[in-house]
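Asks: Right, I'll just put the structure down here and ask away after.
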Amino acid sequence: MSIRANFTAAGRGTGRRALRALLAAALAASVLLPAPAFADVRGTDQLLGTTVAERGLPAVACPNVTARYAFVMDAAGTVYFSREADVQSHIASITKVMTAIVALDSGMPMDTVITVGEKAATVGESSADLRMGDKLSLKAALTGLMVSSGNDAAIAIAETVGATLAAEGQDANEAFVAAMNAKAAELGMNDSLFANPHGLDIGEYDNEMYSTAHDVGLMCAYAMKNETFRSIVAQDKAQLAVTKPDGSTATIELTSTDLLLGAYEGACGIKTGYTEAAGNSFAGACNRGDGDLYAIVLGAPSESARFEDAKALFNWVYDNRMTYVLAHSDQWVTADEDGTSAKVPLIAEVPHTAWLDKRVKATFADPDASVEVFAPEGNVSQELVTRDLPGAVHAGDVVGTMNFYQGNELIASQDLVAVEDSPAPDFLQGIGFWWERLWAGFGGRELVAAPVVVNQTPLIYSKASTGQSIEDIRAIAAGDDVVPDDDSASDGADEEE
């Protein structure tokens, strides 16, 4: 690739820095309430499958949450954070997510009429304010189920849908719960057991039931693939049209129990839960245009803490997704090609193998190249791969490759291109070099200049630092700490350092 098209890189740098400034301002304007004083970071918490203790990361690299169990996953299944995520716990009304899944997967039309029976009307606790004999559509019942966490809606749905699933002599509610557990098994929720469609766990509903933060994450990710479900749980307020037993119609006003809706950027559902056994729990979804994130918080110490924990988990993922600029060099050179000049970062000096001791200055084919990284996954390293250069080299020729790794994973590659011409030896010089190398070979020596790597891969998180802010880390990744002023750039004729 020629570098001619990239000679304007230094000029584009101003626009890039302006864009980064705008992004930083947008982050600062986000809802970032402080975590409660009793939030903590534990050595056993896992970041991308490895414990905090094993990673040796500073506290600033880890989310601060209060919940007993927590889990963060994206729609692709990447697990960013987990705390005791496979420990079984009650999940209270988060159970209703599975109730909605079974109803939606049954294929029953959304305009199917649901009739509220006595058991549904008298269940108590959280309610969609339904009365015995009320009739409403299945979609309206699902709205009452998810928006206001209606236990009445849960039983009404289970009785109607379950009747279509029941074998001869089987109770409709039993058939529905069996379908809930079958769906859990299908989704890989191996540590979950459902006993009713609403999640109550006291009195007559004191039966064996449990799930885990991990399993709840799987359940929510599946549910959010359904557009009807997504549209329902995204509502902070809703109205239910109900036909009363006397034929009159009524409208029931509902307010969501999800307090992040409309108050936190990108919040789009899903479900709260509380019982004494489960504690304050929340399964939340967030989407800022780059796919869903699911934050599962079980056993938080208070109603407000469950939402603060969810925000802390979301913020941690969003803050640590950052652009890592590949060119981290404080040496700049003037590159010339066909009469066009530009200041570009000096990345490496590559051996010109036609000579015994010459090197060719090189930059990236795209000096503006960058890669998206998740900072806690590890610092970035680089590997220079040079090419054999047996003849003349011209500005713009590819002379090598720089590979970039985060952990052991290749995350980016950039061609290295010459920023200067370097002629080939003449005939007599070539004969002399061949002779010298022949004799050097008998002694086990190779007469080629050693490569010089100028580019740096600065640490994103310093294990020795406890005072790094996310702004510091973003500046490091963006290269703002190494790009020199224009008047400090060296030209291509400077001596090697």
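Asks: I'm checking my understanding of the structure. Among residues of the range 270-329 that are of a type in the set (S, T, N, Q) and under 27 Å from I202 (Cα atoms), which one is farthest from the chain's Cα centre (by Cα)?
Replies: Only one residue tops the list, namely T275.
Asks: In the range 104-163, what residues are open to solvent by 10 Å² or more (accessible area, probe 1.4 Å), modelled with pLDDT under 95, under 19 Å from V233 (Cβ atoms) and not in a loop (DSSP other than H, G, I, E, B)?
Replies: none
Asks: Also, I was wondering about something else. If only one of D366, D330 is acidic (D, E), more than 26 Å from Y461 (Cβ to Cβ) and surrounded by fewer than 19 Cβ atoms within 10 Å (Cβ to Cβ), which one is it?
Replies: D366
Asks: Right, next: Inspect all residues belonging to the range 30-47 and state whether any of them is among the β-branched types (V, I, T) and at pLDDT below 50.
Replies: Yes, the range 30-47 has at least one match.
Asks: Enumerate the strands (runs of 3 or more DSSP E) found wholly within the range 332-417, keeping only those where 3 or more residues are under 29 Å from the mean Cα position of the chain (by Cα).
Replies: 370-374, 380-386, 398-406
Asks: Give the residue that is surrounded by the most Cβ atoms within 10 Å (Cβ to Cβ), with candidates limited to residues of the range 199-220 that are in a helix (DSSP H, G or I) and among the acidic types (D, E).
Replies: D215
Asks: If E372 meets every condition in (1) over 30 Å from P63 (Cα atoms); (2) open to solvent by 60 Å² or more (accessible area, probe 1.4 Å); (3) in contact with a Lys or Arg (Cβ under 8 Å, 6 or more places away or on another chain) apart from one, which number is that one?
Replies: (1)
Asks: Based on what the data block shows, is C286 open to solvent by less than 10 Å² (accessible area, probe 1.4 Å), on the phi < 0 side of the Ramachandran plot and not β-branched (V, I, T)?
Replies: Taking the combined requirement at face value, the residue satisfies it.
Asks: Find the residue count for the range 164-196, including only residues that are in a loop (DSSP other than H, G, I, E, B), among the polar types (S, T, N, Q) and over 39 Å from the mean Cα position of the chain (by Cα).
Replies: Total satisfying the criteria: 1.
Asks: Ok, one more. Identify, please: which residue in the range 221-242 is in a strand (DSSP E or B) and open to solvent by less than 50 Å² (accessible area, probe 1.4 Å) and is, among those, nearest to G117 (Cα to Cα)?
Replies: Per the criteria, the residue is V242.
Asks: Would the range 312-323 turn up any residue that is part of a strand (DSSP E or B), within 13 Å of N455 (Cα to Cα), of a type outside the set (D, E) and open to solvent by 10 Å² or more (accessible area, probe 1.4 Å)?
Replies: no
Asks: Kindly indicate whether R387 is open to solvent by 40 Å² or more (accessible area, probe 1.4 Å), among the basic types (K, R), without any contact (Cβ under 8 Å) to a residue 60 or more places away in the chain and in contact with a strand residue (DSSP E or B) (Cβ under 7 Å, 6 or more places away or on another chain).
Replies: Criteria met by R387.
The values are calculated or read from the model by the stated rules, or taken from the named source; none is laboratory data. Everything quoted here is computed from the prediction, not taken from an experiment. Cβ atoms come from the backbone with ideal geometry, glycine included; neighbour counts cover every protein chain shown. Note: accessible area is taken over every heavy atom of the protein model, side chains too, but ligands, DNA and RNA are not part of it. Shrake-Rupley method; radii C 1.70, N 1.55, O 1.52, S 1.80 Å.
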